[in-house]
Amino acid sequence: MNVKGLIVCLMALVVMAGCNPPGMNKKLALSDALGVTATGATLDEAKDFDKTRAEVIEIAMDLDKFVQDGSMADLPIAVVRKAITDFLIKKGKPQYIYLVDSIMAYVKTIHVPTEAIGADNVLLIRTGIEGILRQAKRSKAEWAVPWVNGVTAPRPSRTADL
């Protein structure tokens, strides 16, 4: 997903949130929607749909486990973002940092305590990751728009069996 697409997603979420502070139900829905939208755009624009889809699923599952296993709720948001970014780099998947950045950008728009992000914000991060995973699992190559960037990449005739 390019930066322009991410900005459009964030603007849409801000509009959907309205002027009143959203309740946790709305926050969860928005976090999920952001993960789903970023993933849909990523897969639509992928040069190799099957490979990208498999990578997104793998990294989302790994990230969810990482977030669950850590004591993220006790950390400031900057430390949480760095820990997740470092995790993706260590996994050899730095190209997917923007997927997490989109969720973290949303979480930062909500009032987050400076000393620790708290359990509710960890839940928002996990919900966004679950949205990424759910969208990647249900996406199909034949639904994607052709990838064009000076060249046209062929689409596979089937979706990977994962």
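When only alpha carbons of region 3-142 are considered, Rg and Dmax amount to 14.4, 46 Å.
For Thr85 and Arg138, a Förster radius of 25 Å and the Cβ-Cβ distance give a FRET efficiency of 0.40, rounded to the nearest 0.05. Under 14 Å from the Cβ of Ala78, count the other residues' Cβ atoms, weight Lys and Arg +1, Asp and Glu -1, and hand me the total. Computed value for this residue: -1. In this simple spin-label model, placing a label point 7 Å from the Cα along the Cα-to-Cβ direction at both Gln68 and Val145 gives a separation of 3.5 nm. Stretching the chain fully between Lys108 and Ala54 yields a gain of 16.6 nm (0.36 nm per residue, less the alpha carbon separation).
Neighbours of Val145, meaning other residues whose beta-carbon lies under 9 angstrom from its beta-carbon, give a summed charge of -2 when Lys and Arg score +1 and Asp and Glu score -1. Here Phe87, Phe49 are placed in order of increasing Cβ neighbour count within 10 Å, fewest first, which gives Phe87, Phe49.
The distance between label points at Ala119 and Tyr98 comes to 3.5 nm (points 7 Å beyond Cα on the Cα→Cβ vector).
Which pairs break 23 Å Cα to Cα here: Lys51/Lys90; Lys47/Lys140; Lys27/Lys47; Lys26/Lys47? Display every interim value, and only then the final one.
Details: Lys51/Lys90 19 Å; Lys47/Lys140 14 Å; Lys27/Lys47 32 Å; Lys26/Lys47 34 Å.
Going by Cα-Cα distance, Lys27/Lys47; Lys26/Lys47 fall outside the 23 Å limit.
Every read-out reported here was derived from the displayed coordinates using simple, explicitly stated rules and does not represent laboratory data. Note that the structure is predicted; figures quoted are calculated from it, not measured. Here Cβ is always computed from backbone atoms with ideal geometry, including for glycine, and neighbour counts include all displayed protein chains.
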